[in-house]
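The values are calculated or read from the model by the stated rules, or taken from the named source; none is laboratory data. Here the structure is a predicted model, which is why all the values come from computation and not from measurement. Cβ: placed from backbone, ideal geometry, glycine included. Neighbour counts: every protein chain shown. For the accessible areas, the whole protein counts, side chains as well, though only heavy atoms, and no ligand, DNA or RNA atoms are used. Shrake-Rupley method; radii C 1.70, N 1.55, O 1.52, S 1.80 Å.
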Amino acid sequence: MNATQIVFWFLSALALVSALMVLLSKNPVHSVLWLITVFFAISGHYILLNAQFLAIVNLIVYAGAIMVLFLFVIMLMNLNKQTEPQKNAWLKMAGAISGGCLLMILISLVKQANEITTKTARMKDGDIGLIGNLGKALFHDYVVPFEISSVLFLSAMVGAVVIGKKD
Amino acid sequence: MPIQYYIILSLALFCIGIVGVLTRRNAIIIFMCIELMLNAVNLLLVAFSKMHYAAAAVANKAATEGTEGQLFVFFIMVVAAAEVSVGLAIIVMMYRNIHSVDVSFLNRLKN
């Protein structure tokens with residue numbers, strides 16, 4: 001077992017445990033903090049796959065901006081353990097069983113697929129994830145989607161302000 | 001690493017997100033579980049892009065196969081950021097009207 005595999009298993013275990021803790025935490029603030037841990041673990045996976053640009057963008061956009069927005073909203077509403085609405089135990093169990101069944105079916109499908117058993121993801125090297133290559137592709141072939149996404153951001157900003165203002 | 005490990009990891013994260021949407025009633029937690037599912041898909045896209053790169057890099061050292069997968073992840077992040085800003089605005093408005101973030105109070109569209 002070399003260093004890459006050790007890091008892979010550590011990050012996978014961290015991501016799964018933190019994702020479970022997002023669900024199991026009663027306090028919404030703790031859920032947000034566990035979700036930030038998941039995002040850090042996924043960024044670690046990106047670095048392991050040498051997708052450096054996405055690793056940094058994931059940290060800045062998700063862990064930095066989006067999660068701070070969630071924390072602001074939760075603290076603004078003063079949500080805590082006491083005000084947390086709970087479903088009854090039967091509905092929780094039904095949800096867990098149906099999600100588990102979906103996971104089992106999908107994993108059995110992946111196990112049966114013969115084409116992918118020999119495929120591997122290239123770790124640590126390869127420069128397609130570096131910002132030079134991605135920037136060239138983004139501004140040559142994907143200029144129009146890039147500009148459209150800026151219009152999307154503008155409309156989202158206007159929409160958030162219109163929805164959020166007191167009428 | 002074999003691509004199967006990445007597929008199974010992403011599936012597990014995705015199903016944890018689905019269970020969260022099904023079992024929680026707090027609208028913000030449901031929203032966070034949707035973010036979790038988006039991230040599972042992102043991880044899978046990056047793993048597949050490196051898989052295609054690994055297949056192409058055997059023949060050609062300077063191969064750029066798989067760039068599209070990583071650009072898709074970038075665009076998913078863009079859309080997720082826009083979605084979160086609008087969604088949280090809607091949740092704040094809902095909290096202002098019914099003083100709760102419990103989604104079971106929203107089972108009717110009128111009143």
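Please indicate, with yes or no, whether at least one residue in the stretch B:57-79 is part of a helix (DSSP H, G or I), more than 16 Å from the chain's Cα centre (by Cα) and among the hydrophobic types (A, V, I, L, M, F, W, C). Yes: the stretch B:57-79 contains one or more residues that are part of a helix (DSSP H, G or I), more than 16 Å from the chain's Cα centre (by Cα) and among the hydrophobic types (A, V, I, L, M, F, W, C).
Out of A:65, A:51, A:113, I need the residue that is aliphatic (A, V, I, L, M) and within 30 Å of residue B:100 (Cα to Cα). Which one?
On the way: A:51 fails: within 30 Å of residue B:100 (Cα to Cα); A:113 fails: within 30 Å of residue B:100 (Cα to Cα).
Going through A:65, A:51, A:113 in turn, the sole match is A:65.
Under the condition of being over 23 Å from residue B:43 (Cβ atoms) and more than 7 Å from every other protein chain (Cβ to nearest Cβ), the residues counted in the stretch A:92-126 number 4.
The set of residues from the stretch A:124-167 being within 30 Å of residue B:60 (Cβ to Cβ), under 25 Å from the mean Cα position of the chain (by Cα) and of a type in the set (D, E, K, R) comprises A:124, A:125, A:127. Filtering the stretch B:11-20 for residues that are within 24 Å of residue A:37 (Cα to Cα) and either of a type in the set (Phe, Trp, Tyr) or more than 7 Å from chain A (Cβ to nearest Cβ) (or both) leaves a non-empty set. Residues that are without any contact (Cβ under 8 Å) to a residue 40 or more places away in the chain and among the β-branched types (Val, Ile, Thr) were ranked within the stretch A:7-43; the one that is most open to solvent (accessible area, probe 1.4 Å) is A:17.
Condition (residue is open to solvent by less than 40 Å² (accessible area, probe 1.4 Å), in a helix (DSSP H, G or I) and more than 7 Å from chain B (Cβ to nearest Cβ)) applied to the stretch A:138-159: is it met by at least one residue? Even if it seems obvious, please write down each step before you answer.
Going through the stretch A:138-159, the residues open to solvent by less than 40 Å² (accessible area, probe 1.4 Å) turn out to be A:138, A:149, A:156, A:159.
Right, trim to in a helix (DSSP H, G or I) and you get A:138, A:149, A:156, A:159.
After this cut, where a residue has to be more than 7 Å from chain B (Cβ to nearest Cβ) as well, the list is none.
Among the residues of the stretch A:138-159, not one is open to solvent by less than 40 Å² (accessible area, probe 1.4 Å), in a helix (DSSP H, G or I) and more than 7 Å from chain B (Cβ to nearest Cβ), which makes the answer no.
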